[in-house]
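Visitor: Shown below is the structure under consideration.
The values are calculated or read from the model by the stated rules, or taken from the named source; none is laboratory data. Fair warning: this is a prediction, and the values are worked out from it, not measured in the lab. Here the Cβ positions follow ideal geometry from the backbone for every residue, glycine too, while neighbour counts run over all protein chains shown.
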Amino acid sequence: MATAHGGTSAGTPKAKSPRRAHAPAAPSRTPAAAHDLDLLRRMLLIRRFEERCVELYSAATIRGFVHLYIGEEAVAVGVHQALDERDAVVSTYREHGHALARGIPPEAVMAEMYGKSTGCSHGRGGSMHLFDAGRRFYGGNAIVGGGLPLAAGLALADRMRGEPRVTCCFFGDGAFAEGEFHETANLAALWGLPVLFVCENNLYAMGTALAREHAQTDLAMRAASYGMAAWAVDGMDVHAVEKAARGAVESLRAGSGPHFLEMRTYRFRAHSMYDPDRYRPKDEVEEWKRHDPVTGLADGMRTSGLLDAAALEDLEHRVAEEIDDAVRAAEQAPEEPAEDLLLHVTGRHEEAQA
Ligand SMILES: Cc1ncc(C[n+]2csc(CCOP(=O)(O)OP(=O)(O)O)c2C)c(N)n1
Ligand SMILES: [Mg+2]
């Protein structure tokens, strides 16, 4: 397929291994089962949160640009398994999933969508600029590739302070084509900075297919040319993502310099809410949806006896409640008064703090 991921791996995700014919009736309570349930809960939260955003956007309750992460949840959730609160995360404008995976409460993310001052960016950022310095979540960056130099700077600062921290930078295949990526990759490798580059290769940069933009579509191979460890991962499989991220972060903490993970993934929705999505074949979209990371994990757990219908229903219910609470809190939060317009913008902020 012309738009398939390049390189040595297949363009579409690998087929799942054969399923067991007879699953035990009751869900298992082993640590592995609990871990899988937690992964599922985290991915489901992102999925349902964004589905609610679609409803709210369609009703013009939330406005502005909204870029959905639906289909890519395994990347944010799997990578975050390897990170802890010491580490820094830099993201893109498609960052609801990264922010939720980082642990920013759904209330704070939803309030930001509503432009309320209870939002994680005080309502000044909106969908593309989620930010939480306390959790070392440094955006939410609307400029394609704009987060990459920030990541190098954060990693350099941490290293100068002698902190054994990692900076994880999420960016897209479109950002890989930007000078910021190549300059940052070079400098990070040259200086041995602890940056985990996570390229979310979803095959499209807005309406431009990877193969129409890149002469060599094997991004991991190209990243390796900077002298850093780099490999491609099935980004639709949360276990594969977690394993790759844990390996990379362990190596990074040991001081082995930057690492690059090309996450082969796919967005199920259009680029943004305004995009009519006419540039990709419908059968390609349907083929990728057969590798849905959320239903894939749930189905695998069910056939392994780790999940039954009642447990899944309970999980869905708890996630829905969490999102309902977030929406209710965002709606009830007061509008910021007009006289606060210049707060956080000019010296008025410092005056207000004095
Ligand atoms: C420097 C810059 N150029 C162009 C744009 C317009 N733009 C917004 S998103 C996008 C595509 C980026 O694609 P990719 O990096 O693959 O991320 P994805 O949207 O697929 O997650 C472009 C070109 C921008 N925001 N910033
Ligand atoms: Mg892309």
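Visitor: Got a sec? Which of Ala205, Ala229, Ala254 is surrounded by fewer than 20 Cβ atoms within 10 Å (Cβ to Cβ) and touching a helix residue (DSSP H, G or I) at 6+ places or on another chain (Cβ under 8 Å)?
Guide: Ala229
Visitor: Of all residues in region 257-278, which are surrounded by fewer than 24 Cβ atoms within 10 Å (Cβ to Cβ), charged (D, E, K, R) and either within 16 Å of ligand 2 (Cβ to nearest atom) or over 21 Å from Ala209 (Cβ atoms) (or both)?
Guide: The answer is Arg267, Arg269, Asp275, Asp277.
Visitor: Do you know which residues across region 238-281 are part of a loop (DSSP other than H, G, I, E, B), closer than 26 Å to Glu85 by Cβ and either more than 12 Å from ligand 1 (Cβ to nearest atom) or touching a Pro at 6+ places or on another chain (Cβ under 6 Å) (or both)?
Guide: Passing the criteria: Ala254, Gly255, Ser256, Gly257, Pro258.
Visitor: Looking at the structure I just gave you, is Gly146 within 16 Å of ligand 1 (Cβ to nearest atom), of a type outside the set (D, E, K, R), modelled with pLDDT of 95 or more and under 20 Å from the mean Cα position of the chain (by Cα)?
Guide: Considered against the rule, which asks whether it is within 16 Å of ligand 1 (Cβ to nearest atom), of a type outside the set (D, E, K, R), modelled with pLDDT of 95 or more and under 20 Å from the mean Cα position of the chain (by Cα), Gly146 comes out as yes.
Visitor: Which residue is nearest to Ser117 (Cα to Cα), if the candidates are limited to region 325-340 and must be of a type in the set (Asp, Glu) and surrounded by 12 or more Cβ atoms within 10 Å (Cβ to Cβ)? Spell out how you get there, then give the answer.
Guide: Keep residues of region 325-340 that are of a type in the set (Asp, Glu), which gives 325, 331, 335-336, 339-340.
This time we only want the ones that are surrounded by 12 or more Cβ atoms within 10 Å (Cβ to Cβ), so: 325, 331, 336, 340.
Numbers: Asp325: 17, Glu331: 12, Glu336: 6, Asp340: 10 Å.
Here the residue is Glu336.
Visitor: Hey, any hits in region 92-101 for a residue that's part of a loop (DSSP other than H, G, I, E, B) and in contact with a Cys (Cβ under 6 Å, 6 or more places away or on another chain)?
Guide: There is no residue in region 92-101 that is part of a loop (DSSP other than H, G, I, E, B) and in contact with a Cys (Cβ under 6 Å, 6 or more places away or on another chain).
Visitor: May I ask you to list the residues in region 214-240 that are touching a Phe, Trp or Tyr at 6+ places or on another chain (Cβ under 9 Å), over 12 Å from Leu261 (Cβ atoms) and within 16 Å of ligand 2 (Cβ to nearest atom)?
Guide: Selection gives His214, Arg222, Met236.
Residues checked against (1) polar (S, T, N, Q); (2) buried (at least 24 other Cβ atoms within 10 Å of the Cβ):
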position: Ala157; (1), (2): no, no
position: Arg161; (1), (2): no, no
position: Gly174; (1), (2): no, no
position: His182; (1), (2): no, no
position: Asn186; (1), (2): yes, no
position: Trp191; (1), (2): no, no
position: Glu200; (1), (2): no, yes
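Visitor: What tally of residues in region 153-203 results from selecting those that are within 16 Å of ligand 2 (Cβ to nearest atom) and either assigned to a strand (DSSP E or B) or within 22 Å of Arg135 (Cα to Cα) (or both)?
Guide: Residues flagged as within 16 Å of ligand 2 (Cβ to nearest atom) and either assigned to a strand (DSSP E or B) or within 22 Å of Arg135 (Cα to Cα) (or both) within region 153-203 amount to 9.
Visitor: Sort through Gly145, Gly140, Gly125 and tell me the only one that's crowded, with 24+ Cβ neighbours inside 10 Å, without any contact (Cβ under 8 Å) to a residue 60 or more places away in the chain and in a loop (DSSP other than H, G, I, E, B). Let's see the steps before the verdict.
Guide: Numbers: Gly145 fails: crowded, with 24+ Cβ neighbours inside 10 Å; Gly125 fails: crowded, with 24+ Cβ neighbours inside 10 Å.
Criteria check complete, one pass: Gly140.
Visitor: Let me ask something else about it. In this structure, is Gly71 in a loop (DSSP other than H, G, I, E, B) and more than 16 Å from ligand 1 (Cβ to nearest atom)?
Guide: Taking the combined requirement at face value, the residue does not satisfy it.
Visitor: Considering only region 90-112, I want to know if a residue exists there that is farther than 22 Å from Arg48 by Cα and at pLDDT below 95.
Guide: no
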